[in-house]
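One structure is given here, and the rest of the page talks about it.
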Amino acid sequence: MSLGARVGAAATAPLRALAAALDPAMRGWQRLAGRGGMIGLFLLPNLAIFTIFVLVPIGLNVAYSMTGGAQVFLADRPFVGGEQYARLLECENHLRPRTCRDDTFWTAVWNTARFVVLQVGLMTGAALVTALILNRSLPAKGFWRAVFFFPVLLSPVVVGLIWRWILQRQGLANLVMVEGGLEPVNWLVDRFWAFAAAVGVSVWAHLGFYALILLAGLQAIPKDLYEAAEMDGTRPWRVFRRITLPLLTPNLAVVVVLALIRAVQIFDEAYVLTGGGPGTATMFLTQYIYETGFASPVRNPGLAAAASILMAGVLVVLTLLRLSRQRRAAQR
Amino acid sequence: MRGARFLTRRRGVAGSGRGWHWTDIATWVWLVGGTVLMFGPAVWLVLSSFKTPAALAEFPPTILPYAQQTMEIDGRERPLFTVTTPDGTTQTMAELRRVGIVAQMVDPAAPEAEPLRVNIAEREPLREIAFATSNYTEPFLRFDFWRFFRNSVFVTVVATALTLLTNSMAAFALSKYDFRGRNAVMLLIIATLMVPLSVILVPLYSVVSAVGLLDTLWGVILPTIATPTGVFLLRQYMLTIPDELLEAARMDHASEWQIYWRIVLPLAAPALAVLAIFSVVWRWNDFLWPLVVLTSTRNYTLQIGLNSYAGELNVQWHYILAMTVAAIVPVVLVFVFLQRFITSGIASAGLK
């Protein structure tokens, strides 16, 4: 039995046992409600959970964003209209968080924007190079792929802790600095370096995932194109510019949009690594929402809801872009 | 390096048998540098997790875990040092006690002799490679680590089983039946792709609290099981199962439910396997939602427990590092044995 069949069997065996136990009841239901009733039953669990834990919260979110106070239940909360949005959006100069009514929010907005640009740029570039290299004929291909991929499966908490340990004052990073004849750096206490660390650690953790998508795209490019180019004696750089890059563009677009969607929501590994600090140097939007709604001494769920709706606006645009790109990549 | 050169010359894309091309050099620099950068931190974590608290506080740190040797004298473990005596020779001695910069030390071979007073600048601790396995055993005994571990296993297993069941049922209905409103349901599921957790954190919390699941593991599990990506993946796969099989079964008076679990489920096993693996990794690694829902320590999952230990004022790194390694083990096992499924799942469906 192949490994694939074995995993498949292991995953389905309990399911099938459960399904077998339900069999008589289901037969009765089909006799009672017909095939249409069965279709409804198949959809019911998933749709019920969707409705309760996704659709209802979406609707409630709008309602929450228009109420004030610290109470959890909507019915206990006073209606304040657009006050929460006004509080978030009022600024003398939106580029300077200090002039805003809610300076932490705008700090988080600009931190997130900077993070997104840097992280997505660096990561896409590194993933492209990695994919191109892994697509060459190499000895021990599987090993190299695993090297770049394995951090993807680590939990964000683990990633944050590993790097916190390396970047602490007496950690491995400073050992390397000292051995290299440089001054040790207080990585996570310095505003600049803490932000750079958040970007770098995030690239480290997710690079392999995007490299893998690009690698699949590279492998889908017909080999005869390269053979033809080789027969014409085309130079490698030209082959890359004229064949590889144009044919990889749909996959690159998917990768960029996917990376953007995830980067906007950056939270856990940065939170474990720096806790948003020093000060607010690595405070990102999701952390702002979490702390405003749940972790600050004075909770303000309404403000958190308003902030999350503003973030959702960005994400909806990006997701629509993703779906259209994915369709285009699939049509190729 | 000669081996690498040999391989690249024969195999490099640009290598038409004429030695190094600059891309070959770049390839190997990237691969070797990448290995150091990607593996280095994980290896460092594992090595550090075996160090004693004293060794962890050292700078510069040693690569391998060392611990000071000790010897039992008068019923107590005494640390051993290499002492440089005034005449220039060195000798191994055990420390009995230390006052300021002066230590009273004896020769372990003759512990009854009068202790020698030694300036601490004239001695070096005698060390050997030793793995501080107590870093691993003590969290299990002294902290709630074992409970966190069990909670995480419970959440992962139950959530994965429910995900497979509900998602495969929905995917079956959406791929094998024509009914009014099918497109609307598909659209609804696509739409939920746009709603990540961070966007509905506040209202989801109130819903879970209204259902009475706050601070319970079920409150962590239920909101995660209706994954749109799971429904998608399974539906795409089930579309490739020929409808004739289903028709033939109906001829034999199979019920719709039997068609689902006797025919479609076994045939969709490869897709279910991919979803199962991803679900295990997702649920094992979840952080933000459990962080919001779980408030009492006894309900913490591993990730939340780790984070709370690491957030304490006096971080006990020797325990944290060991617990981190323990938290990685299940994921590493999944990775080592099932890497092929994970990579194919990502390449074909963009799962993550």
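In the set (1) under 28 Å from A:GLU269 (Cβ atoms); (2) touching an Asp or Glu at 6+ places or on another chain (Cβ under 6 Å); (3) at pLDDT 90 or above, A:MET38 fails one condition alone, (1).
What helices (runs of 4 or more DSSP H) completely inside region A:233-317 contain at least 1 residues that are in contact (Cβ under 8 Å) with a residue 60 or more places away in the chain and more than 9 Å from chain B (Cβ to nearest Cβ)?
Working: elements: A:236-239, A:245-264, A:268-274, A:285-290.
The helices (runs of 4 or more DSSP H) meeting that bar are A:245-264, A:268-274, A:285-290.
Tally time: how many residues in region A:145-182 are facing another protein chain (nearest Cβ under 7 Å), part of a helix (DSSP H, G or I), more than 24 Å from the chain's Cα centre (by Cα) and of a type outside the set (A, V, I, L, M)? Residues that pass the stated criteria total 0. Looking only at region A:174-222, residues that are buried (at least 22 other Cβ atoms within 10 Å of the Cβ) and among the small types (Gly, Ala, Ser) come to 8 in all. A count restricted to region B:67-101 and to residues that are under 17 Å from B:GLU112 (Cβ atoms) and outside any strand (DSSP E or B) stands at 2. From the list A:ALA140, A:ALA86, A:ALA70, the lone residue that is among the small types (Gly, Ala, Ser) and within 30 Å of B:ARG340 (Cβ to Cβ) is A:ALA140.
Residues B:GLU122, B:GLU77: which one is in contact with a Ser or Thr (Cβ under 6 Å, 6 or more places away or on another chain), touching a residue at least 12 places away in the same chain (Cβ under 8 Å), among the acidic types (Asp, Glu) and over 30 Å from A:TRP165 (Cα atoms)?
Values: B:GLU77 fails: touching a residue at least 12 places away in the same chain (Cβ under 8 Å).
The match here is B:GLU122.
Can A:ARG136 be described as within 7 Å of chain B (Cβ to nearest Cβ), over 30 Å from B:TRP284 (Cα atoms) and either free of Cβ contacts under 8 Å to residues at least 12 places away in the same chain or within 23 Å of the chain's Cα centre (by Cα) (or both)? Spelling it out, A:ARG136 is indeed within 7 Å of chain B (Cβ to nearest Cβ), over 30 Å from B:TRP284 (Cα atoms) and either free of Cβ contacts under 8 Å to residues at least 12 places away in the same chain or within 23 Å of the chain's Cα centre (by Cα) (or both). Just so you know, in region B:236-293 the residues that are touching a helix residue (DSSP H, G or I) at 6+ places or on another chain (Cβ under 8 Å) and among the hydroxyl-bearing types (Ser, Thr, Tyr) include one that is nearest to B:VAL155 (Cα to Cα), and it is B:SER279.
Residue-wise test of (1) modelled with pLDDT of 90 or more; (2) facing chain A (nearest Cβ under 9 Å); (3) out of contact with any Cys (no Cβ under 8 Å at 6 or more places or on another chain).
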position	(1), (2), (3)
B:TYR177	yes, yes, yes
B:THR192	no, yes, yes
B:LEU222	yes, yes, yes
B:THR229	no, no, yes
B:MET238	yes, no, yes
B:GLU244	yes, no, yes
B:ILE263	yes, no, yes
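The values are calculated or read from the model by the stated rules, or taken from the named source; none is laboratory data. From a predicted model like this one, the values you see are computed outputs, not experimental measurements. In this analysis, Cβ positions are derived from the backbone assuming ideal geometry, glycine residues included, and neighbour counts consider all displayed protein chains.
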